[in-house]
1. Chain pair B, A: how much accessible area is buried, both chains summed, with a 1.4 Å probe, in Å² to 100?
2. Ignore the peptide's own chain and count Cβ atoms of other chains within 10 Å of each Cβ in A:48-55; give me the average, rounded.
3. Partner chain Cβ atoms within 10 Å, averaged over the residues of A:6-17 - can you pull that number for me?
4. Remind me, what semi-axes does the stretch B:239-323 give for its equivalent ellipsoid, largest first in whole Å, using sqrt of 5 times each Cα gyration tensor eigenvalue?
5. Just need the relative contact order of the stretch B:239-323 here, percent rounded to a whole number, with Cα pairs under 8 Å and 6+ apart.
6. Among the chymotrypsin sites (Phe, Trp or Tyr not before Pro) within the stretch B:1-86, which fall in a DSSP loop and have no more than 16 other Cβ atoms within 10 Å of their own Cβ?
7. Just how far, in whole angstrom, is the stretch A:2-32 from the stretch B:1-46 if you go by their alpha carbon centroids?
8. Go through B:226, B:56 and list them by solvent-accessible area, largest first, probe radius 1.4 Å.
Amino acid sequence: MLESEPDESLCRYFEDVAGLVLPERFVLPHHHYLALGRSLETNEMPDHPLIETLKDSPAL
Amino acid sequence: MDGYVTDDTLTRLARRTGLQTLSSKAGSFLGNNKRELHLFLESAGLPVVATELATTPEELGQALRQIKAAGFRSGVIKSGIGASGIGLVKVESLEDADAVTREVPDHFFFEGSCLVQGWLSPGSHGVSRVRSPSAQLFLSDDSIMIYDLTEQILSQSSVHEGNESTPPYLAERREWREELLRQAGVAARWLHGQGYRGTGSVDFLLVELEDGGADVYVCEINARITGATYPSVLARHFLPEGSRLLRNLRFETPLPGEDLIALLEKSGDLFRPGESETGVFPVNFSAGADGLVHKGQFLCLAHSTAGSHVLLEMAELDLPCSPDRH
């Protein structure tokens, strides 16, 4: 989870030139991150796309 | 699940998705607390820099006067929790404690008492030179790994501007290396005991004395990804027996990331695994509101310390940049 989109050319360098494997990325601005935390406390936002992304993560 | 720090949001996300956080929230919070670390170091008998605690602005003035009475010309005020220069004020002169106190924001006391410490510098207290080594850590449930020793490149006010590994002076002073590792082990076990898990660092002051000796002080613990975490891991992956130097560079004329990489490639500086043994690895680009890269972090991978410094000099010549100094 990143606060803003990473630089595309830098990601291409990591993957295509350096041969690194990057994880799946999800962009969430900080104020949205804090709002998500508050909603999770009160259960106001049960279907946030980040939750589905995490549930589908191959790391699980 | 892990984050820069483990906070309420991350903890709730983990609970909702059936995952566990790597570190507990309490471990992440306590592990970053400079005051709690200082109290532990004192109780464990490790050397500490002259320190006073202040809970209120009134106590802060008194603490500054006590540090001055101990023979210091300068000092530093640290809030319990802070990072990247936030929650840290260097006091150049201790002559007017009341004026300093008026300038310190109230949030310095938000996490309880702050630390007021004497500033060790050449020319006082028998000091000839101050270095800033750091031990890089990974803590799991059942082990603590110290996987790299680095030297921090700090600004005048102690803000991180880069780092390198291994500190070249340690090759000649094995006893300093052993003392750094000993104290890093003690501090890391404290960090583990707070419930923190994940990457981190123990930062030191290595104070060389005019009589040829040295004092080693644990300065702080960063219970999070640090400025040296990715450089250390990348260097170990690509050039494990080599030297590496990470430097923050600021671009006088901001430019697209694509152009930046093209400049490195055209000049022959770019690190290309499999094609070049050494080179410059761009680690991070910071974009401004215009979408252009204003500053970046560049990792110079070489077979020797001198080689990594030459790579940095070449990159500074080939890119429209200057070192990012605070």
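The values are calculated or read from the model by the stated rules, or taken from the named source; none is laboratory data. Computed from a predicted structure; not experimentally measured. Positions of Cβ are generated from backbone atoms using ideal geometry, with glycine treated the same way; all protein chains shown enter the neighbour counts. Only protein heavy atoms, including side chains, enter the accessible area calculation; ligands, DNA and RNA are left aside. Shrake-Rupley method; radii C 1.70, N 1.55, O 1.52, S 1.80 Å.
1. Roughly 2000 Å².
2. 3
3. 6
4. Equivalent-ellipsoid dimensions as semi-axes: 22, 12, 11 Å.
5. 44
6. Filter output for the stretch B:1-86: B:4.
7. The two parts, judged by their Cα centres, are 25 Å apart.
8. If we order B:226, B:56 from most to least accessible, we get B:56, B:226.
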